[in-house]
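Structure first, commentary second.
The values are calculated or read from the model by the stated rules, or taken from the named source; none is laboratory data. No experiment lies behind these values; they were computed from the predicted model shown. Counting neighbours? That spans all protein chains shown, and the Cβs are built from the backbone with ideal geometry, glycine included.
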Amino acid sequence: MRTSYKAILCSLWIALFLLSCEKDDSPGPEKAPAYTRRVNSFIYEYMKAYYLWNDRIPELDRDYEQDPEAYFKKLLVKEDLFSHITDDAEDLLNSMQGVETTFGYAFTYTWLDETQTKVGAIVSYVYPGSPAALAGIERGDLVSSLNGQALTETTLHQLFGQSSITIGVSKYENGLYSAPQTLHLTPARIEENPVYATRKYELQGTKVGYLCYLNYIGNYNFALDTAFSGFKQAGISELILDLRYNLGGDDMAIRHLCSYIAPESSCRSKELIIRQQYNNDLTEYYKLHHINNDLRFTDSLLIHNLDLKRIFILTSRDTYSASEATIVGLKPYMEVIQIGQQTGGKDTGLALLQPYIEKNGKIILDPTIGNWAILPIISRYQNKEGHSATGGLSPDYPVDSFYLPMLALGDPQDPLIAKALEVISGVTPVRMKSLSSSSFPQPFGYSTSMYDEIKKNIFINRTELKHDGAS
């Protein structure tokens, strides 16, 4: 029988189709190395246990995820801008506890021209004894160059975390910044005491205290003890609490600070400061094990408690989380008068979680991957009346926190402090120096270290963690 040309073509087409349907011998995706899979498993188990949005975590095959950091980010919900992961938990923990290898300065970033092409970093404060302080850098100085190049928006982060840098620094003189002086800086390991400045003023017989608090660090609660001991001995009846540069910190420091400020009766009865709300699984776990993580005033600090009826709190756009929880937490018990700018609006808390394993009946840090840590958002807070800092907290007295020339923190002519003293005394103070809100555009950022985005949180240190993560 004669085979037609069309039949041959049809047979060839069918044969090719069947071959294409056979098993593909090309290699599939490779499994991640055993070390990476171990890190990925730690990430998944602890996120499922603690993450505030644990019911929205996508189910991905973590055995094939080659990059733990990328895998972690895939698990985050869209609205989560603050959860973090690190493979250097030791360095991060040191920073959170106020010990850091640093140049010792903080900056407010602003454009130097209307076209927003030139960037300047204006010094917000300098830690005493730091490399920056020893080089003569002061609050209000302008840094406009880095390693011989004009500072740009994309190089700002290089002002932190480098082994050494060369910067151009200008002083503010007679309404203008001087020609820059070139300075070479090498970082040093320093202790960053968050109690940056205290002052005492007397107005018509009223004794007023001032406290500039830069970070909530429980390890430095002793510095708060010293400050409030001095306030108590001086007979302070009004307090100005400066939180304009305070990004956040741990909940134990919140309790410590608030317990020195609030009415004595509230501390004696251990009233609620803030209540943390967790995911449903963690909430049920805490109920089952009779764990209560509400943050309450303590009666252990009554010796230096000021028993205040009101407090003046100075804020800026860079006031976040723990600072906002202090404002919100105190409001049900006393008058809180906020001066400055609207706060950042951060109503969630996170925990630093490291991988633990059981060995010989003991829970220990995993010796293989123990320097990894995740910092997921695990809670949302409210005060006694159900209020939080969602959307930011608006000031009672709006005052621009960015002005020139910048005065020392604690100077009574500082615009924010001056407004507080005016409200206390009822008298408008006479200004000895001419201050302006600056000829530069409004600042677009603020930095203290390379860990700033992590520090814009409340760290939940009192939470009794389930070290196995998932159970």
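Things worth noting here:
- Residue in segment 171-194 that is crowded, with 17+ Cβ neighbours inside 10 Å, of a type in the set (Lys, Arg) and either in a loop (DSSP other than H, G, I, E, B) or out of contact with any helix residue (DSSP H, G or I) (no Cβ under 6 Å at 6 or more places or on another chain) (or both) present: yes
- Those residues of segment 54-82 which are of a type in the set (A, V, I, L, M) and farther than 19 Å from residue 454 by Cα, in sequence order: 57, 60
- Meets criteria (surrounded by 16 or more Cβ atoms within 10 Å (Cβ to Cβ), touching an Asp or Glu at 6+ places or on another chain (Cβ under 9 Å) and assigned by TED's automatic domain parsing to the domain that holds residue 398) for residue 309: no
- Enumeration of residues in segment 30-44 that are touching a helix residue (DSSP H, G or I) at 6+ places or on another chain (Cβ under 7 Å) and surrounded by fewer than 19 Cβ atoms within 10 Å (Cβ to Cβ): 31, 37, 41
- Of all residues in segment 214-227, one or more are in a strand (DSSP E or B) and not basic (Lys, Arg).
- Selected residue (only one of 356, 333 is at pLDDT below 95 and either surrounded by fewer than 16 Cβ atoms within 10 Å (Cβ to Cβ) or more than 19 Å from residue 318 (Cβ to Cβ) (or both)): 356
- The residue that is surrounded by the most Cβ atoms within 10 Å (Cβ to Cβ), counting only those in segment 379-432 that are assigned to a loop (DSSP other than H, G, I, E, B) and of a type in the set (Val, Ile, Thr), is 399.
- Restricting attention to segment 39-58, the residues being touching a Phe, Trp or Tyr at 6+ places or on another chain (Cβ under 9 Å) and of a type outside the set (A, V, I, L, M) number 4.
- Residues in segment 384-405 that are at pLDDT 95 or above and more than 20 Å from the chain's Cα centre (by Cα): 9 in all.
- Residue 119 vs. criteria modelled with pLDDT under 95 and of a type in the set (Val, Ile, Thr): yes
- Odd one out for residue 208 among (1) closer than 30 Å to residue 164 by Cβ; (2) buried (at least 16 other Cβ atoms within 10 Å of the Cβ): (1)
- The residues of segment 231-289 that are touching a residue at least 24 places away in the same chain (Cβ under 8 Å) and among the β-branched types (Val, Ile, Thr), listed by number, are 236, 240, 254, 261, 273, 274.
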